[in-house]
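The values are calculated or read from the model by the stated rules, or taken from the named source; none is laboratory data. Remember, predicted model here, so these are calculated numbers, not experimental data. Cβ sites come from the backbone with ideal geometry, for glycine too, and all protein chains shown count toward neighbours.
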Amino acid sequence: MALTPEAKADLAKKAEDWLAWDKNEKTRTVIAKLYEEKNFPELATRLNGRLLFGTAGIRIRQDAGWTRLNDLTVINITHGFVKHILASIGGKKKAGIAVGYDGRHNSKRYSELIANVFIRNGFPVYLFSAVTPTPVV
């Protein structure tokens, strides 16, 4: 894929932003290596775009970048969900939100990140302390 100098500059900015925001060593290292190697085609596949919520939720590979599932995309999606909830219910946060997790890779970590975003937005959070099937939550 041939990229224009402008596209490369845009990707460089996106990579620098990612490196500033990502606190997860594993995914941060992936983007740092691609940026250091100036692998702009691969950076484009990872940093150009956003995850979309479908009828089955979000089903995508866990890896570094805005088009993959990882700590930053979980936080970003949760902020969007909080914004939607606040627009729908106004100031009725008192009931709170239940957050559970299952046995899949990173599920507990993601549930903790999700809970943190809701807490920082003033919601009471009821975080399950053990693996919990989705129908229970």
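Per the conditions (1) touching a residue at least 24 places away in the same chain (Cβ under 8 Å); (2) more than 26 Å from Arg28 (Cβ to Cβ); (3) part of a helix (DSSP H, G or I), the sole criterion not satisfied by His84 is (1).
Scanning region 87-125 for residues that are surrounded by 15 or more Cβ atoms within 10 Å (Cβ to Cβ) and either of a type in the set (Phe, Trp, Tyr) or at pLDDT below 90 (or both) gives Lys93, Tyr101, Tyr110, Phe118, Phe123. Consider region 62-82 and keep the residues that are touching a Ser or Thr at 6+ places or on another chain (Cβ under 9 Å) and among the small types (Gly, Ala, Ser). The one that is surrounded by the most Cβ atoms within 10 Å (Cβ to Cβ) is Gly65. Among the residues of region 89-137, the ones that are among the basic types (Lys, Arg) and within 25 Å of Arg68 (Cβ to Cβ) come to 4 in all. Can you name the residue in region 1-15 that is in contact with a helix residue (DSSP H, G or I) (Cβ under 8 Å, 6 or more places away or on another chain) and in a loop (DSSP other than H, G, I, E, B) and, of all such residues, is modelled with the lowest pLDDT? Ranking the qualifying residues of region 1-15, first place goes to Met1. Filtering region 40-61 to residues that are crowded, with 16+ Cβ neighbours inside 10 Å and at pLDDT 95 or above leaves Phe40, Glu42, Leu43, Ala44, Arg46, Leu47.
Among residues of region 35-58 that are among the basic types (Lys, Arg), those with a beta-carbon under 9 Å from a residue that is not in a helix (DSSP H, G or I) at least six positions away or on a different chain give the pairs Arg46/Asp63; Arg46/Ala64; Arg46/Gly65; Arg46/Trp66; Arg46/Thr67; Arg46/Arg68; Arg50/Trp66; Arg50/Thr67. Would a scan of region 123-134 turn up a residue that is part of a helix (DSSP H, G or I) and over 16 Å from the mean Cα position of the chain (by Cα)? Within region 123-134, none of the residues are part of a helix (DSSP H, G or I) and over 16 Å from the mean Cα position of the chain (by Cα). Residue count for region 16-53 satisfying the condition of being hydroxyl-bearing (Ser, Thr, Tyr) and either within 18 Å of Glu6 (Cα to Cα) or outside any helix (DSSP H, G or I) (or both): 2. Can we say Glu36 is at pLDDT 95 or above and out of contact with any Leu (no Cβ under 6 Å at 6 or more places or on another chain)? In short, yes.
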